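Chemist: Please read through the structure below; I'll follow up with questions.
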There are 4 protein chains.
Amino acid sequence: MVDGRRGRPRDPRSHEAIVQATCELLGEVGYERMSIEAVASRAGVGKQTVYRWWPSKGVLVAEAVLTGHLRLRTAPLDDTGDLRSDLGVWLDELTAALSDDRTASLVRATAAAAADDEHAAAQLYERFTGPAHQAVVARLTAAVAVGHVRPDADLAAAADALTGALVYRVLTRQDAVTPQRSRGLLDVVLSGLAPERGV
Amino acid sequence: MVDGRRGRPRDPRSHEAIVQATCELLGEVGYERMSIEAVASRAGVGKQTVYRWWPSKGVLVAEAVLTGHLRLRTAPLDDTGDLRSDLGVWLDELTAALSDDRTASLVRATAAAAADDEHAAAQLYERFTGPAHQAVVARLTAAVAVGHVRPDADLAAAADALTGALVYRVLTRQDAVTPQRSRGLLDVVLSGLAPERGV
Amino acid sequence: MVDGRRGRPRDPRSHEAIVQATCELLGEVGYERMSIEAVASRAGVGKQTVYRWWPSKGVLVAEAVLTGHLRLRTAPLDDTGDLRSDLGVWLDELTAALSDDRTASLVRATAAAAADDEHAAAQLYERFTGPAHQAVVARLTAAVAVGHVRPDADLAAAADALTGALVYRVLTRQDAVTPQRSRGLLDVVLSGLAPERGV
Amino acid sequence: MVDGRRGRPRDPRSHEAIVQATCELLGEVGYERMSIEAVASRAGVGKQTVYRWWPSKGVLVAEAVLTGHLRLRTAPLDDTGDLRSDLGVWLDELTAALSDDRTASLVRATAAAAADDEHAAAQLYERFTGPAHQAVVARLTAAVAVGHVRPDADLAAAADALTGALVYRVLTRQDAVTPQRSRGLLDVVLSGLAPERGV
DNA sequence: TCGTAATCGAGACGGTACGTCTAGTCTTAGG
DNA sequence: CCTAAGACTAGACGTACCGTCTCGATTACGA
């Protein structure tokens, strides 16, 4: 009799409208000034429907931003055999995304959500930071195997350096990272990872 | 007649009490849940006294945290002639500071303030991010002059990589950076900056 | 095929459970704080089942209270030939009922329902106030016929005075009517109705 | 230093606007459908300003209605020496007031408030019911002294009968009391109070 | 030794948003 | 067609803070 599936099923249109409205408002007014009431109102939804499915503003923001609206690569990097080129493609993608004001604003909002709420921070890690970091480390590990990277290097530290440098500038609201700066960064890190030449 | 100095002068004890209360509350409840009312109440001060001297919560937090309570080095790095050692000292200091939960919490609060408010972001840059970045770049520039760093390297990118990697982990609430990780990071970056060996 | 009796017939147990739960909750929290949700929940019934059979909270309360749970006489009064005794019995019954806290609470709830909703007020009149008033007037009319009440008296006014005086005290939350007060009331009204003696 | 008078003093205009808005809304939508939000909005006042000074809706309504907007006599009745005339004047006043739809609506609202909240009921008693009852009893007591009322009559019961009968009709939403009915009521009660004639 | 002026703590003001509760409707699966 | 369950939009609840605005009470300086 009781099968766990009684009652009206949730409406997926409401869910989608809430996520959409959240991203719009984050882009318009930022994390701090975004209110759940405004989200509900813009989504054409009762407030309770927001609270029914998301426990807090931080988690809503993390999920909304990371599900489909912050298009940053978390998939494995290409492996063409040319490490510099593969990382360059990945870095250019990231640089381009962060150069967009809207995207930068969403990233700042996610950081604010993570600073505010550790459940949001956990979401951020599981859905974005972790996979992205893992993808870079995986590509570097493959490069070690074919001798393009020295085996004693701390690959995780290198991955942190690449992503951290970019995100850091967004959070401190410096000018966007230019392609030159991006190249310089890649150059420093790749040189640091290179096997001893000529010895 | 009007000399700008008439009337009761401000009470420095109030100013100090407000800064103190702000830091305490940030540590206890975080940026988002810290309220001006709570600050005023704990400082034993009227709300107006807060608003008289700080235009917004973000700026108050930025100033309170950066003035005297977040003890991160912005002064020039030592130059003993040994670049790896000098940067190691600086990095260890930073790592140690960020390993402290209270300090990490204040850093997250500052990031949230910067994400929230561009005046706070500007304060953050002028008082902390900028000077620290500049100090590292200065030390690297000196190293270029004596041939310890190759002249074509992007020193600013290297500085971003060092600080960004550390801050990034704090913001995403990963485990604190270990000394090993810190060494690995320094190794990657310094190797990347080293002049061509053996050619 | 269409015979007006298709589908599952209504479950009388649900109806009774709703009425029961309504009266319990009225006694516990009063009219204002009683919610349809709480009624449905306590009755083990879906909300829709309440709304299907009662158009509003006021009407539900009026029906629940007046059907079987507020045991006040609306039937004709006894006519033993002794008017004072017959009215005394009726008045004592009423006084006793209103002395009970639970019953007083239900009466107040009914008044609140009537103040709130004119459909509830109509129910109250049709089911309780009207019949009770009519029963008293009928007994007085019989008394006029046998010369125990002067023919020019306003019998309806007398009936209003008797019931109104009692209900008034319940609504204003005065101390319950004592038997003495009840006797005093009956005495005043009956004296006022008595035919001229001795003239 | 602390003298209980620190801080900004309350604004009497807000108080008055709230009382005014409460009475208007009660007349328009009734007690149940009147919301504090609507009161605050119509009064041009923050919600907190309502909650700062009134603990609940019931008490607000009781105070608003009884302070200046329900103009029912609580002052002593005239004593011209003619009891029937004096009570007649008082009863006519009351009848006239209750014949007005707006006033009847306010009375029903007050009853609902009293049913809902015992603090409101206490206010109702202290400010209106009690004094009015007392005024009638006082006039009757004076009449006893001059032999116009028999000394053994229960004067409080008589006062209850007079006011109760009228209020009862308002609460049960019967037709307004007509002057004839009012006269009939007065006649029954006064006859009941009259000293024995002719014996 | 007075004003005049700016400060202080306190706290009320008009508001916005919070997170919860309920209203009344609708949609499912199942007697 | 009825039932229990429970999601839906809507909106009020009472609380917490926002940033502004009086208050009375302190301090200073210049007249």
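The values are calculated or read from the model by the stated rules, or taken from the named source; none is laboratory data. Given the structure is predicted, the values throughout are model-derived calculations rather than measurements. Here the Cβ positions follow ideal geometry from the backbone for every residue, glycine too, while neighbour counts run over all protein chains shown.
Chemist: A:A64 versus (1) away from chain B (no Cβ under 14 Å); (2) more than 16 Å from DNA strand E (Cβ to nearest atom); (3) assigned to a helix (DSSP H, G or I): which is the lone unmet condition?
Modeler: Going through the list (1) away from chain B (no Cβ under 14 Å); (2) more than 16 Å from DNA strand E (Cβ to nearest atom); (3) assigned to a helix (DSSP H, G or I), A:A64 breaks only (2).
Chemist: Select from segment A:25-83 the residues that are at pLDDT 95 or above, under 22 Å from the mean Cα position of the chain (by Cα) and of a type in the set (D, E) and list them in ascending order.
Modeler: Of everything in segment A:25-83, just one residue is at pLDDT 95 or above, under 22 Å from the mean Cα position of the chain (by Cα) and of a type in the set (D, E), namely A:D79.
Chemist: Could you say which residue among C:T103, C:T95 is under 19 Å from C:S182 (Cβ atoms), in contact with a Pro (Cβ under 9 Å, 6 or more places away or on another chain) and away from DNA strand E (no atom under 16 Å from the Cβ)?
Modeler: Matching residue, one of C:T103, C:T95: C:T95.
Chemist: Also: Output the qualifying pairs, or none if there are none: Cβ atoms under 8 angstrom, residues six or more apart or on different chains, first residue in segment C:34-45 and within 13 Å of another protein chain (Cβ to nearest Cβ), second residue more than 9 Å from DNA strand F (Cβ to nearest atom) and aliphatic (A, V, I, L, M).
Modeler: Qualifying pairs under 8 Å: C:M34/C:L25; C:M34/C:L26; C:M34/C:V61; C:M34/C:A109.
Chemist: Oh, and also: When you go through (1) farther than 19 Å from D:A113 by Cα; (2) aromatic (F, W, Y); (3) within 15 Å of DNA strand E (Cβ to nearest atom) one by one for C:Y31, which number turns out not to apply?
Modeler: Of the numbered conditions (1) farther than 19 Å from D:A113 by Cα; (2) aromatic (F, W, Y); (3) within 15 Å of DNA strand E (Cβ to nearest atom), the odd one out for C:Y31 is (1).
Chemist: So which residues in segment A:34-55 are within 11 Å of DNA strand E (Cβ to nearest atom) and either in a helix (DSSP H, G or I) or among the basic types (K, R) (or both), if there are any at all?
Modeler: Matches in segment A:34-55: A:I36, A:E37, A:A38, A:V39, A:A40, A:S41, A:K47, A:Q48, A:T49, A:V50, A:Y51, A:R52.
Chemist: Return a yes/no flag: does segment C:161-169 have any residue that is in contact with a His (Cβ under 8 Å, 6 or more places away or on another chain) and closer than 28 Å to D:A115 by Cα.
Modeler: Yes - at least one qualifying residue is present in segment C:161-169.
Chemist: May I ask you to list the residues in segment B:104-126 that are crowded, with 20+ Cβ neighbours inside 10 Å and among the acidic types (D, E)?
Modeler: Hits for segment B:104-126 are B:D116, B:D117.
Chemist: With respect to A:T129, determine if the residue is closer than 20 Å to A:A176 by Cβ and either in contact with a Leu (Cβ under 7 Å, 6 or more places away or on another chain) or buried (at least 18 other Cβ atoms within 10 Å of the Cβ) (or both).
Modeler: no
Chemist: Going residue by residue through segment D:145-166, is there one that turns out to be buried (at least 24 other Cβ atoms within 10 Å of the Cβ), under 15 Å from C:A161 (Cβ atoms) and in contact with an Asp or Glu (Cβ under 7 Å, 6 or more places away or on another chain)?
Modeler: Checking segment D:145-166: at least one residue is buried (at least 24 other Cβ atoms within 10 Å of the Cβ), under 15 Å from C:A161 (Cβ atoms) and in contact with an Asp or Glu (Cβ under 7 Å, 6 or more places away or on another chain).
Chemist: Quick one: which residue in B:A157, B:A143 is in contact with a helix residue (DSSP H, G or I) (Cβ under 6 Å, 6 or more places away or on another chain) and within 20 Å of A:A158 (Cα to Cα)?
Modeler: It is B:A157.
Chemist: Confirm whether C:Y51 is touching a Gly at 6+ places or on another chain (Cβ under 9 Å) and among the aromatic types (F, W, Y).
Modeler: So C:Y51 fails the test.
Chemist: Quick check: anything in segment A:69-79 part of a helix (DSSP H, G or I) and out of contact with any Asp or Glu (no Cβ under 8 Å at 6 or more places or on another chain)? Spell out how you get there, then give the answer.
Modeler: As a first pass, look at segment A:69-79 and keep what is part of a helix (DSSP H, G or I): none.
Looking for residues that are part of a helix (DSSP H, G or I) and out of contact with any Asp or Glu (no Cβ under 8 Å at 6 or more places or on another chain), one finds none in segment A:69-79, hence no.
Chemist: Look through segment A:1-59, keep the residues that are of a type in the set (F, W, Y) and more than 9 Å from DNA strand F (Cβ to nearest atom), and return whichever of them is surrounded by the most Cβ atoms within 10 Å (Cβ to Cβ).
Modeler: A:Y31
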